[in-house]
Amino acid sequence: MAAQMAATKVPEVRDITRIERIGAHSHIRGLGLDDALEPRQVSQGMVGQLASRRAAGLILEMIKDGHIAGRAVLIAGQPGTGKTAIAMGIAQSLGSDTPFTALAGSEIFSLEMSKTEALSQAFRKAIGVRIKEETEIIEGEVVEIQIDRPATGTGAKVGKLTLKTTDMETIYDLGSKMIESLSKEKVQAGDVITIDKATGKISKLGRSFTRARDYDAMGAQTQFVQCPEGELQKRKEVVHTVSLHEIDVINSRTQGFLALFSGDTGEIKSEVREQINAKVSEWREEGKAEIIPGVLFIDEVHMLDIECFSFLNRALESDLSPVLIMATNRGITRIRGTNYQSPHGIPIDLLDRLLIIATSPYTEKETRQILKIRCEEEDVELSDEAHTVLTRIGQETSLRYAIQLISTAGLVCRKRRGTEVQVEDIKRVYSLFLDESRSSQYMKEYQDSFLFNEAQSLQMDTS
Amino acid sequence: MFFFFFVPVVFSVSMGTFSVPEVDYYVFSIMAVQSWSEVLRSAKKTALISDGKRKVHYLFTDGSEMAEEYDMRTDELILRQLRSKTKLGGAGQWQVEVGERNPSAVPSTDTEIKESSSNPLFIRKDTKASFQWRVRNIPYPVDTYSVSVEPAERCCIIRTTNKKYYKKFSIPDLDRCQLPLESTALSFSHANNTLIISYKKPKEILTLEQELMRELKKLKGTNEGDVDCKTQ
């Protein structure tokens, strides 16, 4: 049993999970609705905003059905009322199979690419095509795994894997990543496995019937399968999802070595797009492909200008259009690129096509709850009094400012070797960092001593 | 580097004098409507001569490509490889049908799983009179092997009694011309760790190949030496 010896010698490989950094919305795991789409008060990281969450839940159902294209939703509300959180909640509940593209309104302004091109690319990234493709797989029973580590202890491991079917036997050379995933899957002699040749993904089908007498080595859930027949390498159809934009890119690339000389601007010709649309609808009619309309989320949508809005109007009418979700925190303001005032800085004709979800400021109880969730997310222990103080700060200044104080107060607490953040820690950071209103107060008092104060009459143009 | 990178500047001849019907076909599979000789004729062909080899590149009307290399003295086919567009529209991989591509000097290390060099190696290497396959690096005695024709599946199968080697292969040339597979045409021998399997070419194939060779010789190819590439 040389093979099993070799398999047991391999040290346990640490599970390589992606380490995620804590972001502003990393505590959101969904919309927090029950099966009847009724919002729970606190669930999946969401607190309050019951009406808007319920509305978002209906939109989510519409997206999941996948029949309706080209609808647009606007989430409007004051700063810090959970607009982006609701959009993230929708993205999380859709799962990885539905494309979700998020961008900020200012992202489309680039010198390399026109605004409408950037918008069409974003639109096409949000539409998935599920398609069958042939791929090469290796399917067989493991005869032996042999892994050699270099004597010096450093350098790449090399390994050999012997696989067999009822008709043949082949030895494969393995790379270090493959060795790692073999030991992670705990593959040993007698297992029947498949390996996707292109991606290197290993899946265990079960144990071979010929090993059925080795009772001691397996649990109750072990499945026994027949040793495969014929050749080890087979072609198999797999289903995968690509976005329309990815198909565009594959087809617009200049072929061969000429690509070296053509300056690619990243813009895709409209002829290429038309061809691909025709091809995709042909596949769809033949039943070869399925279209999955996804979600395009544009945050800070008031940053778009009048040309973009008129483009959106037209783009939403195409049948290959995703569900568009926009968010803005502006009231009645100037439409960018014009001198007209309009609600949310969006032209009336586009507003007319939108379903508008409003968010409202959080109550004290909700603020308290959100701060509690963020404390857990940022791994900070908060005493009850400190929590009350922080909630007051959140109510009187802003929720974002209060959230900012959590990790800073946590650090102050750790520096004085405390385990739980006390009111003093909050006071300390509150005095160290100004919130927006105290900062403006300070400005007003000391305006005269700042540089360039003679130009104070000029207001900054932000819209 | 493949030779057809120079193709755009080499004199190119299109022989499409008759109209090609708008039919979807694939070079890899059996053609129902057009015969293979017509497909070859309508393909855009480019030739060049270097290293004592006549190298021909075919571009078919559906965008797939075929590249062949012939020995100048014996007119034997040394290499044939095919490539078609992937389903999403990108360029596919070259599939070697006859001969072997020069192995790169540095073996690529980024492939995570590949067959060990100690395994048997299967290649096709034709002669004038027959299709021939060689399985190199296979040491078992000659009575281990059995080679059979499966007319229903349109393929041949090599089996071994010790269950060490098994290979199913088709003969694309016969598939393209829609000719039947005959078990009488098949024979094999084993020597020097190599199993050689021969299939006698039928008359239709022989005439087609002679005709093609005549056409290829008419193509004006450039002579040996460097081709000046205008785009570089």
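Every number in this text was worked out from the coordinates using simple rules, so none of it is lab data. These numbers come from a predicted model, not from an experiment. A quick note on method: Cβ atoms are made from the backbone with ideal geometry, for glycine too, and the neighbour counts reach across all protein chains shown.
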message = With only alpha-carbon pairs counted, each pair once and no self-pairs, how large is the Kirkwood hydrodynamic radius of region B:83-217 in angstroms?
response = 17.2 Å
query = Taking the Cα atoms of region A:23-173 alone, what are Rg (to one decimal) and Dmax (as a whole number) in Å?
reply = 24.6, 70
remark   = By the mean-Cβ-within-10 Å protection proxy, highest first, B:41-54, A:327-340, A:113-126 rank as A:113-126, B:41-54, A:327-340
note = Rounded to the nearest 5, the percent of antiparallel DSSP beta bridges in chain A equals 65 percent
task = Summarise the partner chain shielding of A:54-65 as one whole number: the mean count of Cβ atoms from other chains within 10 Å of each residue's Cβ.
result = 0
ask   = Roughly how crowded by other chains is peptide A:175-183, in terms of the mean Cβ count from those chains within 10 Å of each of its Cβ atoms?
value = 2
key: Approximate spin-label separation B:Thr61-A:Phe450, in nm, with each point projected 7 Å along Cα-to-Cβ   = 7.4 nm
key: Cβ neighbours within 10 Å from other chains - mean over A:158-170   = 4
query = For A:Ala212 and A:Val143, what does the FRET efficiency come to when R0 = 22 Å and r is the distance between their Cβ atoms, rounded to the nearest 0.05?
reply = 0.85
remark   = Place a point 7 Å from the Cα of A:Ser203 in the direction of its beta carbon; the residues of region A:110-131 whose amide N falls under 19 Å from it are A:130-131
task = Output the direction-averaged projected area (hull surface divided by four) of the convex hull of the alpha-carbon atoms of region A:312-463, in nm².
result = 14.0 nm²
inquiry  = Between A:Asp352 and A:Ser176, what is 0.36 nm times their sequence separation minus the Cα-Cα distance? Round to one decimal in nm.
reply    = 57.6 nm
remark   = Most exposed first, judged by fewest Cβ atoms within 10 angstrom, A:Met46, A:Met62 run A:Met62, A:Met46
ask   = What net charge is computed for the residues neighbouring B:Leu59, neighbours being all others with C-beta under 9 Å from the C-beta of B:Leu59, Lys and Arg scored +1, Asp and Glu -1?
value = +1
query = Ranked by Cβ crowding within 10 angstrom, fewest neighbours first, how are B:Met66, B:Met72 ordered?
reply = B:Met72, B:Met66
ask   = Over the Cα atoms of region A:329-419, what is the Rg over Rh ratio if Rh follows Kirkwood?
value = 1.21
ask   = What Rg and what Dmax come out for chain A when only alpha-carbon atoms are used, in angstroms?
value = 28.9, 92
message = Among the listed pairs B:Lys87/B:Lys125; A:Lys177/A:Lys197; B:Lys125/B:Lys163, which have their C-alpha atoms separated by more than 19 angstrom in this model?
response = B:Lys87/B:Lys125; B:Lys125/B:Lys163
key: 14 Å tail of the calculated P(r), region A:79-149, as % of Cα pairs   = 77 percent
key: Calculated on alpha-carbon atoms, Rg and Dmax of region A:133-238 in Å   = 14.4, 44
inquiry  = Give me B:Glu100, B:Glu215 sorted ascending by neighbouring Cβ count inside 10 Å, so fewest comes first.
reply    = B:Glu100, B:Glu215
remark   = Here region A:48-53 yields Karplus 3J(HN,Hα) values (6.51, -1.76, 1.60; θ = phi - 60°; whole Hz; Gly and Pro given as x) of x, 6, 4, 5, 5, 5
